[in-house]
Amino acid sequence: MADQATWAGRDVLDLGCGTGFHLPAFAEDARTVTGVEPHPDLAALAARRTRRLDHVSVLPGTAQAIPLPDAAVDVVHVRWAYFFGPGCEPGLAELDRVVRRGGTALVIDNDGSRSTFGSWFRRGYPHLPSPHEIERFWGLRGWTRTPVDMGWRFTSRADLEAVVRIEFRPETADEILREHTGLEVDYAVNLWSRTY
């Protein structure tokens, strides 16, 4: 992400911040950091995580109704939250509203076109648009795709199984675990970026 935008001395929005895991890292360099999270329990955990960081705030809200004024932020970070391609147009309109001119939005999502996890993702979520449709959606709206390779590495089979069962329905998880050997999973994601 740092290759796409710097957040040093800038105002950062972590949209769909969950428990606030990334907020302290942004706070090390950013002028201000705002986490927005629609789930009250997760927002409470994020607020607790950052309670000693006076330039970090956590607000209830959604991607479709960001609780910030116009042109309020320089960098937006979204990781596996809401912006999954077709259907997220209301959230994109909100990004257009809250990101300052010269600012950057960064959206991280699964790349279903490649990797072991990508094949699992397509199997587990067949109702979602195809990877080609998703790439076309973003490209037509002026976003740039940066493919990123990463992976999962577990120290025990029990840990791998627990994570797979979080990600997928029981029947899909059972199929995946029957087929997969070892404690590593190659995992491809897309970093979508746009400068305003």
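The values are calculated or read from the model by the stated rules, or taken from the named source; none is laboratory data. Quick caveat: nothing in here was measured; it's all calculated off a predicted structure. Here the Cβ positions follow ideal geometry from the backbone for every residue, glycine too, while neighbour counts run over all protein chains shown.
So how many residues does region 124-134 have that are hydrophobic (A, V, I, L, M, F, W, C) and either modelled with pLDDT of 95 or more or not in a loop (DSSP other than H, G, I, E, B) (or both)? Count: 1. The single residue among Phe121, Phe137 that is over 25 Å from Ala8 (Cα atoms), in a helix (DSSP H, G or I) and in contact with a strand residue (DSSP E or B) (Cβ under 6 Å, 6 or more places away or on another chain) turns out to be Phe121.
Beta carbons closer than 7 Å, at least 6 apart along the sequence or on distinct chains, pair a first residue in region 30-52 that is buried (at least 17 other Cβ atoms within 10 Å of the Cβ) with a second that is of a type in the set (Phe, Trp, Tyr) and not in a loop (DSSP other than H, G, I, E, B) for Val33/Phe26.
Per the conditions (1) touching a residue at least 12 places away in the same chain (Cβ under 8 Å); (2) surrounded by fewer than 18 Cβ atoms within 10 Å (Cβ to Cβ); (3) hydroxyl-bearing (Ser, Thr, Tyr), the sole criterion not satisfied by Thr181 is (1). Within region 132-144, residues that are touching a residue at least 24 places away in the same chain (Cβ under 8 Å) reach partners that are of a type outside the set (Ser, Thr, Tyr) and in a helix (DSSP H, G or I) with beta carbons closer than 7 Å, at six or more positions or on different chains, in the pairs Arg141/Leu92.
When you look at Glu94, is it in a helix (DSSP H, G or I), at pLDDT 95 or above and closer than 17 Å to Val12 by Cβ, yes or no? Quick ask: steps written out before the conclusion?
Numbers: in a helix (DSSP H, G or I): yes; at pLDDT 95 or above: yes; closer than 17 Å to Val12 by Cβ: yes.
It is true that Glu94 is in a helix (DSSP H, G or I), at pLDDT 95 or above and closer than 17 Å to Val12 by Cβ.
Restricting attention to region 65-84, the residues that are under 17 Å from the mean Cα position of the chain (by Cα), part of a loop (DSSP other than H, G, I, E, B) and farther than 18 Å from Leu42 by Cα add up to 2.
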